[in-house]
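Chemist: Encoded as structure tokens, here's the structure I'll be asking about.
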Amino acid sequence: MRKISIELSGVALVSLMLGASAGAAVRSDLESAYATLSSKKWVDLTHAFGPSSPHWKGFGEETVDVLYTVPKDGFKVQQFTHVGQWGTHIDPPAHFHDGLRTVDEVPLDEMLMPLVVIDVHEKVNGNPDYTLTVNDVKNWEEKHGRIPQRAFVAMRTDWSKRWPDDAAMQNRDAQGHAHYPGWSREVLELLYEERKITATGHETTDTDPGFQTDKDDYSLESYLLGLNHYQIEMLAGLDQVPEAGALVMVSWPKPEGGTGFPARVLAILP
């Protein structure tokens, strides 16, 4: 057996040592980040969904069939049948626009973001048709500073407390017209085009307020998704998170070419 001798120059040796140190530093940073995150309070912003979950008026009900059981087969398997936009869910750009990103094309770095919560639940209490205003955004920024780029901005209305009552979510009057809060074009333009955020979310079934969807007007959702950004609908638990300082993590399964799917959303509190 021959012995192989390798001589390293001083520069090469220093480079090797620095590389090893850098690798150790990266591991240390990740371990430190995990220790920090695991010590924080985590809040679920996701509704558990089922056959009777609230949903958009044009969708049918979910069905759940048991295909195998433990007593008979030694294991249990359920088959779930529902539309992609079911429960707390992601709307990718392809939901409204052919050729834009589908569920499986959203990159991983758009799934962990600073969380911004714009709280208008008291205004909604007095006006279920309330739409978010630029002043609401400006008031948030006066208290917390400029909305950070790549943030996830959630509109808190406490509408999720009506879950799982679909009639309460739609809030129809005697004439059958829906009344629930929503976004405004001015705010969406400010957030996406000027503040350069990543995504938005809300507690209702739609981006557009009820008085618009009542006329099948979904122009705000079309505008948002047309920018090639995604949104999360029917969030929960926004009353349990601060207006600023938290992180939000959004995940979902990866259906090929998917135009929507139930999502799991959680906040990590500061």
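Chemist: Looking for whichever is modelled with pLDDT of 95 or more and farther than 30 Å from residue 114 by Cβ here; the options are 82, 97, 89. Which one fits?
Modeler: 82
Chemist: Got a sec? Which of 193, 189, 243, 221 is in contact with a helix residue (DSSP H, G or I) (Cβ under 9 Å, 6 or more places away or on another chain), surrounded by fewer than 22 Cβ atoms within 10 Å (Cβ to Cβ) and part of a helix (DSSP H, G or I)?
Modeler: Exactly one of 193, 189, 243, 221 is in contact with a helix residue (DSSP H, G or I) (Cβ under 9 Å, 6 or more places away or on another chain), surrounded by fewer than 22 Cβ atoms within 10 Å (Cβ to Cβ) and part of a helix (DSSP H, G or I), namely 189.
Chemist: Here's another thing I want to ask about it. Which one is nearest to residue 235 (Cα to Cα), of the residues in region 28-47 that are loosely packed, with under 12 Cβ neighbours inside 10 Å and of a type outside the set (S, T, N, Q)? I'd like the intermediate steps shown before the answer.
Modeler: Going through region 28-47, the residues loosely packed, with under 12 Cβ neighbours inside 10 Å turn out to be 28-36, 38-39, 41.
From the residues that got through so far, the ones that are of a type outside the set (S, T, N, Q) too are 29-31, 33-35, 41.
Numbers: 29: 32, 30: 29, 31: 30, 33: 26, 34: 25, 35: 27, 41: 18 Å.
So the residue we want is 41.
Chemist: Mind listing whichever residues of region 54-75 are among the charged types (D, E, K, R) and either outside any strand (DSSP E or B) or under 13 Å from residue 166 (Cβ atoms) (or both)?
Modeler: 57, 61, 62, 72, 73, listed by residue number.
Chemist: Is at least one residue of region 184-194 among the charged types (D, E, K, R) and in contact with a Ser or Thr (Cβ under 6 Å, 6 or more places away or on another chain)?
Modeler: no
Chemist: Any residue at all in region 200-212 that's assigned to a helix (DSSP H, G or I), free of Cβ contacts under 8 Å to residues at least 40 places away in the same chain and farther than 18 Å from residue 87 by Cα?
Modeler: So far as region 200-212 goes, yes, one or more of its residues are assigned to a helix (DSSP H, G or I), free of Cβ contacts under 8 Å to residues at least 40 places away in the same chain and farther than 18 Å from residue 87 by Cα.
Chemist: Those residues that are hydrophobic (A, V, I, L, M, F, W, C), surrounded by 14 or more Cβ atoms within 10 Å (Cβ to Cβ) and in a loop (DSSP other than H, G, I, E, B), I need them from region 157-186; list them, please.
Modeler: Scanning region 157-186 gives 163, 178, 183.
Chemist: Hey, another quick one. Quick one: which of 219, 251 is of a type in the set (Gly, Ala, Ser) and free of Cβ contacts under 8 Å to residues at least 60 places away in the same chain? Give the steps one after another, and end with the answer.
Modeler: On the way: 251 fails: free of Cβ contacts under 8 Å to residues at least 60 places away in the same chain.
Every option except 219 fails the conditions.
Chemist: Does any residue of region 197-210 turn out to be over 16 Å from the mean Cα position of the chain (by Cα), farther than 24 Å from residue 113 by Cα and modelled with pLDDT under 95?
Modeler: no
Chemist: Moving on to the next point. Within region 116-139, identify whether any single residue is surrounded by 12 or more Cβ atoms within 10 Å (Cβ to Cβ), under 15 Å from the mean Cα position of the chain (by Cα), acidic (Asp, Glu) and at pLDDT 95 or above, and answer yes or no.
Modeler: Within region 116-139, none of the residues are surrounded by 12 or more Cβ atoms within 10 Å (Cβ to Cβ), under 15 Å from the mean Cα position of the chain (by Cα), acidic (Asp, Glu) and at pLDDT 95 or above.
A quick yes/no check of all residues on (1) without any contact (Cβ under 8 Å) to a residue 24 or more places away in the chain; (2) within 15 Å of the chain's Cα centre (by Cα):
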residue	(1), (2)
36	yes, no
57	no, no
80	yes, no
89	no, yes
111	no, yes
144	no, no
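The values are calculated or read from the model by the stated rules, or taken from the named source; none is laboratory data. Model, not experiment: these values are computed from the prediction. When we count neighbours, we look across all protein chains shown, and the Cβ atoms used for this are built from the backbone with ideal geometry, even at glycine.
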